[in-house]
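These notes concern the structure reproduced below.
Values quoted throughout were computed directly from the atomic coordinates according to the rules given, and no laboratory measurement underlies them. Please read these numbers as outputs of a predicted model, since none were measured by experiment. All Cβ positions, glycine included, derive from the backbone under ideal geometry; neighbour counts span all protein chains shown.
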Amino acid sequence: MALSGRLIRSRIKSVKNTKKITKAMELVSAAKMRRSVAGALQSRQYAKYAWELLLRLKKSGDRDFAAEHPLLIARPVKKILIIAVTSNRGLAGAFNSNVIKKAVEQIRNPAQIGRSRVGAKWVEAATPTPKMDFVIVGKRGEAVIRKFTKNIVASFIDFPDVPRVADAAPLVTFAIESYRKGEYDKVALVYTDFVSALVQKAKIRQILPVSEVDLEKTLFPEAESQTPDQTDAFDVGAAAFEPSIEEIINVAVTRLIESQVFQAVLESSASEHSARMMAMRQATDAATEMIDTLTLVFNQARQASITREISEISAGKAALE
Amino acid sequence: MLHVSLITPEKVHFQGDADAVTIPTTSGQIQIFAGHMPLVTILAAGELKIIAGGETKFLAVSAGYIEVRPGNKVVVLANSAEIATEIDVDRAEAARERARELLKGKIASEEEYAAVMAMIQKEWARVNIGRKHLSHRRPSIGV
């Protein structure tokens with residue numbers, strides 16, 4: 001029994017150490033989550049202005065720029081680029097598997113993803129089975145999605161814990177350039193929407209061609225349908241545009257896509273940290289429970305061995321008498 | 001009185017009243033006072049000055065656009081903004097060198113060239129503005 005007592009004691013010690021680690025990871029994730037959430041809120045302001053400007057400019061005077069700008073026109077879809085945002089590290093509960101599930105769902109069910117949304121309408125796909133390429137953010141997603149498809153064209157594995165605009169920029173440049181060149185007819189983004197510290201949902205959103213509905217859902221998720229504040233809107237006819245409206249729309253569209261992707265990346269990062277925080281909290285709770293059980297077993301074993309020793313001694317004494 | 005907001009995707013850098021703002025744009029530097037007509041134009045990498053009550057704030061900004069709305073509202077949406085005195089000149093110089101190195105490498109398309117040039121301009125502006133506002137002045141570099 002002495003041996004088993006020692007075994008249990010060392011087991012308790014190792015569980016205690018694990019508990020310390022999970023507790024520390026929980027606290028670290030909580031701090032990182034707060035930073036990501038603050039970043040997501042800050043970037044919303046920027047997105048709001050860019051969004052307002054584009055809405056106002058899109059139909060100015062007698063020209064409909066929405067029908068002219070290459071990033072706003074939907075083409076029948078032959079080939080799709082899917083960007084999936086996962087994390088570099090694991091131990092984050094179901095965070096990565098939810099994103100991966102969502103991405104892999106698209107491979108199995110190409111009919112839905114084949115349509116592009118423009119305004120309130122859908123542009124149907126050119127073929128029932130459009131081709132799909134993937135861009136993966138994060139080591140975790142890359143490793144798993146590679147098992148489902150060979151079409152991974154790029155992967156970004158150097159995103160920091162709390163991403164900055166400069167980190168998301170190459171992602172956006174890649175998407176816009178290949179869309180402009182006509183390599184892809186649609187670009188979609190799979191990310192995790194940070195609803196609250198307890199609830200995160202994997203979502204898929206169209207980013208190119210620019211879709212108002214998807215933009216609104218990514219940038220302003222809490223509003224049912226956000227109509228921008230028009231109180232200080234100017235009359236487009238009375239305003240000056242330098243060098244030209246086309247140039248400005250060009251910049252505004254790019255900025256808007258950038259802020260949409262940046263927002264999604266931040267939301268994903270906030271979700272990752274909160275998922276990890278919850279996972280670590282559960283692990284800490286489980287460790288506490290395990291320590292309690294093991295302590296009980298240890299005490300029982302100790303008590304049993306004492307009782308047996310006493311009974312052995314008293315039996316020996318009885319034999320002597 | 002103008003109401004100026006300087007916003008980047010990362011944070012709201014400045015929001016408040018000012019007498020005038022000087023803004024670098026792709027068509028040259030402009031200064032905006034109260035009563036300016038509505039205007040939308042593209043921001044260039046350079047130095048942005050916010051003049052309020054005799055004090056001037058200097059910031060290095062890059063890429064974006066500005067909007068002058070009726071009611072003396074100026075909205076500057078920049079990709080990045082940094083207060084001049086907070087620029088780490090040595091690091092800005094290193095960044096500029098990195099950007100220049102990129103130019104020597106293979107450049108496949110016109111868009112890529114434009115992106116590299118924009119990066120060089122941004123870092124160049126940061127270095128110059130940072131130097132200009134150093135507490136101990138070092139000679140400025142010519143362009």
### Leading residue by the ranking (farthest from A:T254 (Cα to Cα)) among those in segment B:33-46 that are within 12 Å of chain A (Cβ to nearest Cβ) and either of a type in the set (S, T, Y) or assigned to a strand (DSSP E or B) (or both)
B:L39
### Query
Only one of A:S274, A:S269, A:S259 is in contact (Cβ under 8 Å) with a residue 12 or more places away in the chain, under 18 Å from A:S29 (Cα atoms) and touching a Pro at 6+ places or on another chain (Cβ under 6 Å); which?
A:S269
### Summary
Counting only residues in segment A:12-55 that are within 14 Å of another protein chain (Cβ to nearest Cβ) and without any contact (Cβ under 8 Å) to a residue 40 or more places away in the chain, the one farthest from the chain's Cα centre (by Cα) is identified as A:Y49
### Summary
Restricting attention to segment A:139-153, the residues that are more than 18 Å from the chain's Cα centre (by Cα) and not β-branched (V, I, T) number exactly 5
### Query
Of all the strands (runs of 3 or more DSSP E) wholly in segment A:93-174, which have at least 3 residues that are of a type outside the set (V, I, T) and over 19 Å from A:L71 (Cβ atoms)?
A:131-137, A:152-156
### Message
If B:L39 satisfies all but one of (1) under 26 Å from B:I120 (Cβ atoms); (2) surrounded by 17 or more Cβ atoms within 10 Å (Cβ to Cβ), what's the number of the condition it fails?
### Response
(1)
#### Entry: Subset of segment A:177-197 that is in contact with a helix residue (DSSP H, G or I) (Cβ under 7 Å, 6 or more places away or on another chain) and surrounded by fewer than 18 Cβ atoms within 10 Å (Cβ to Cβ) - its residue that is nearest to A:T254 (Cα to Cα)
A:E177
### Query
If you take the residues in segment B:53-102 that are in contact with an Asp or Glu (Cβ under 6 Å, 6 or more places away or on another chain), part of a strand (DSSP E or B) and of a type in the set (A, V, I, L, M), which one is farthest from A:T254 (Cα to Cα)?
B:A60
